[in-house]
Amino acid sequence: MKRRRTGRVGTELAFPCARAMRSGAGRRPMLPEDAVLFDGYLPVPIVPRGELHRPSAGTDRLPDAVPDGCPGPRSAEAVARRLRQHFDGRLHLPGAIGYDVGRSAWRRDLDQQPLLVAEVADAADVARAVLTAREFDVPVGVQATGHGTIRPTDDGVLLNLSRMAYVDVDPVRATARVGGGARWGDVVAAAARFGLAPISGTSSALGVAGYTLGGGVGWLSRRHGFAADSLLRAEVVTAAGNRLVAGPDDDADLWWALRGGGGNFGVVTELLLRLYPVREVYGGVAYFPGERAGEILACHRDHAAGLPDELTTALTLLRLPDAPGVPEPLRDRAVVAVRVCHTGPTARGRRALAPLLAVAGPPLVGGYAPMTWPETAGLEDPQPGPQLVREHTDLFRGLSDELIEVLLAEVGGSGTARSPISVVELRHVGGALGRPLADGGPSGHRDATYALIAVAPHLRAADLAVARGHMAAFARRLRPYATGGVLLNFLSDPSRTMAAYRPADLGRLAALKRVYDPENIFHRNHNIPPGP
């Protein structure tokens, strides 16, 4: 099991750490010999019902207000000077190496320019940073891995949670206690030691918190639901600087909102997740000729309703380049990648997949076999590096012949008029995702059979306008067949955020936003404004 890591890393310190600056009056008090320390830090109480925790004198107090009540100019130096006195993490200002690393988003068209990057050490640091940002009336953004960044935190405080990456597994209760900066690869590895698995992202590099708060659809979802459905408890720093525990017995409304409401209600610093017994699965990825794509999609459609919940498939139409990194049989051609994960017995998985493979014919590359749960990370292509991309997502209840023709025409084109969209993935959803829980959160639309993600990857700046036009035209061709809803984690366009929720859930989320963040402090995300 991984333990909480709070020690400082590296050599860069934009400012001295808090302990080095405290005078005698501000030092931590002496503790009794039997007092319990967590990794050398004085524990700050978690307040379960919304009361503001008021530290005792001399212990982690926020700076007193300046005499005239004005925090001074909104410069990086002013904000850092205010925050650094009582901050145990590291502050990175423009020009420092840590600043550029901390602000970088996976989507390179998001060149965010925060006042500073606050690399927090713990939840107390998060609270101090949020309150300092409010004092200076500047935005607050949250980032750990950068994958989910869809709005830049310009001229604000960007919280980086990457140091809060601990994972503690309880094999008896089948749960994992996970820090707000952890990635799925860490959780999968820790849980696998006990024959357990989380509802994790298809990439091990994805951040746990952002994925879970946005719903989360993975290889176990058709069997066990959204990742958010497995969120048992969360520790949250709210816009008021309060540190709350949200769960079925404490702040149940906040717990409901967190399970699909994204980062609108606070900064989640710790999650308690349910794990599931999974040791071995039957799966893999195989690539078939693009000429078989129509038959493959139609066959999957015809059998989708009868496929077991244990079987999850993703059908991806790809147009691959003639490049050294592409296997020779796939170079410079259109193909169909069929990714498979079956969590039941191997023989049953083979039987469920047999009709599709009979239509697909022999693969060009790849195949299917038993594998351990950590090996399912290989079902996806290697995680692409940061790049300029354009994306679109939709949900469908089925695949009509007309819709299949639209998809094939987009990826299968050739010549100078070829679309920059070279990836169109259809993930088979349904199963447990389609069965609402009695106490479930607002995650996703549960009436869809397929979730589509279309990508125009590896663009140059000069290509963005053309790619945007192609993607908009493609979206218009899809519209007659789509449900109108989207899954939040697949969405990169913040103007479509409201489409991720059912109307009743959206109304409740807006009302709760007014309770927990009435000033909309947390809005550099898929934002839900406070309701009236």
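The values are calculated or read from the model by the stated rules, or taken from the named source; none is laboratory data. Here the structure is a predicted model, which is why all the values come from computation and not from measurement. Methodologically, a virtual Cβ is constructed for each residue, glycine included, from the backbone with ideal geometry; neighbour enumeration extends over all protein chains shown. Just the protein is used for accessible areas: all its heavy atoms, side chains included, with ligands, DNA and RNA removed. Shrake-Rupley method; radii C 1.70, N 1.55, O 1.52, S 1.80 Å.
Among the residues of segment 299-308, is any out of contact with any strand residue (DSSP E or B) (no Cβ under 6 Å at 6 or more places or on another chain), at positive phi and not polar (S, T, N, Q)? Within segment 299-308, none of the residues are out of contact with any strand residue (DSSP E or B) (no Cβ under 6 Å at 6 or more places or on another chain), at positive phi and not polar (S, T, N, Q).
If you go through segment 158-181 one residue at a time, do you hit one that is touching a residue at least 60 places away in the same chain (Cβ under 8 Å), under 17 Å from the mean Cα position of the chain (by Cα) and under 18 Å from Pro94 (Cα atoms)? Yes - at least one qualifying residue is present in segment 158-181.
From Val178, Val217, Val138, Val187, grab the single residue that is touching a Gly at 6+ places or on another chain (Cβ under 9 Å), crowded, with 24+ Cβ neighbours inside 10 Å and not aromatic (Phe, Trp, Tyr). Steps first, please.
On the way: Val178 fails: touching a Gly at 6+ places or on another chain (Cβ under 9 Å); Val138 fails: crowded, with 24+ Cβ neighbours inside 10 Å; Val187 fails: touching a Gly at 6+ places or on another chain (Cβ under 9 Å).
The match here is Val217.
The set of residues from segment 232-266 being outside any strand (DSSP E or B), among the acidic types (Asp, Glu) and closer than 20 Å to Arg177 by Cα comprises Asp249, Asp251.
Within segment 335-359, restricting attention to residues that are small (Gly, Ala, Ser) and surrounded by fewer than 21 Cβ atoms within 10 Å (Cβ to Cβ), which residue is farthest from Ile453 (Cα to Cα)? Give the derivation first.
Of segment 335-359, the ones small (Gly, Ala, Ser) are 337, 344, 347, 349, 352, 354, 358.
Pick out the ones that are also surrounded by fewer than 21 Cβ atoms within 10 Å (Cβ to Cβ) and you get 344, 347, 352, 354, 358.
Values: Gly344: 27, Ala347: 31, Ala352: 25, Ala354: 26, Ala358: 26 Å.
Going through the qualifying residues, I end up with Ala347.
Out of all the residues in segment 473-532, which are among the basic types (Lys, Arg), within 21 Å of Leu159 (Cβ to Cβ) and open to solvent by less than 60 Å² (accessible area, probe 1.4 Å)? Result: Lys513, single match.
A count restricted to segment 95-122 and to residues that are open to solvent by 10 Å² or more (accessible area, probe 1.4 Å) and of a type in the set (A, V, I, L, M) stands at 5.
Residue check: Ala377 meets all listed conditions (1) modelled with pLDDT under 95; (2) in a strand (DSSP E or B); (3) buried (at least 18 other Cβ atoms within 10 Å of the Cβ) but one, namely (2).
Could you tell me whether Gly294 is within 23 Å of Ala192 (Cβ to Cβ) and either part of a helix (DSSP H, G or I) or in contact (Cβ under 8 Å) with a residue 12 or more places away in the chain (or both)? Show your work before the answer.
Numbers: within 23 Å of Ala192 (Cβ to Cβ): no; either part of a helix (DSSP H, G or I) or in contact (Cβ under 8 Å) with a residue 12 or more places away in the chain (or both): yes.
No, not satisfied.
For segment 380-398, give me each residue that is at pLDDT 95 or above and farther than 15 Å from Ile453 by Cβ.
Residues of segment 380-398 at pLDDT 95 or above: 392-398.
Result: Arg397, Gly398.
Going by the structure shown, is Ala190 modelled with pLDDT of 95 or more, part of a strand (DSSP E or B) and farther than 20 Å from Val140 by Cα? Judged against the criteria, Ala190 is not a match. Of everything listed in (1) over 30 Å from Leu512 (Cα atoms); (2) touching a residue at least 24 places away in the same chain (Cβ under 8 Å), the single unmet condition for Arg476 is (2).
The set of residues in segment 222-249 that are under 16 Å from the mean Cα position of the chain (by Cα) and either without any contact (Cβ under 8 Å) to a residue 60 or more places away in the chain or farther than 16 Å from Gly430 by Cα (or both) comprises Ala227, Ser230, Leu231, Ala234. Filter segment 195-210 down to residues that are within 12 Å of the chain's Cα centre (by Cα), small (Gly, Ala, Ser) and crowded, with 22+ Cβ neighbours inside 10 Å and give me whichever is modelled with the lowest pLDDT. Of everything passing the filter in segment 195-210, Gly201 is modelled with the lowest pLDDT.
Conditions (1) in contact with a strand residue (DSSP E or B) (Cβ under 7 Å, 6 or more places away or on another chain); (2) surrounded by 20 or more Cβ atoms within 10 Å (Cβ to Cβ); (3) outside any loop (DSSP other than H, G, I, E, B), marked per residue:
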{"position": "Val424", "(1), (2), (3)": "yes, yes, yes"}
{"position": "Asp439", "(1), (2), (3)": "no, no, no"}
{"position": "His458", "(1), (2), (3)": "yes, no, yes"}
{"position": "Gly469", "(1), (2), (3)": "no, no, yes"}
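Among the residues making up segment 309-336, those that are assigned to a helix (DSSP H, G or I) and touching a strand residue (DSSP E or B) at 6+ places or on another chain (Cβ under 7 Å) are Pro329, Leu330.
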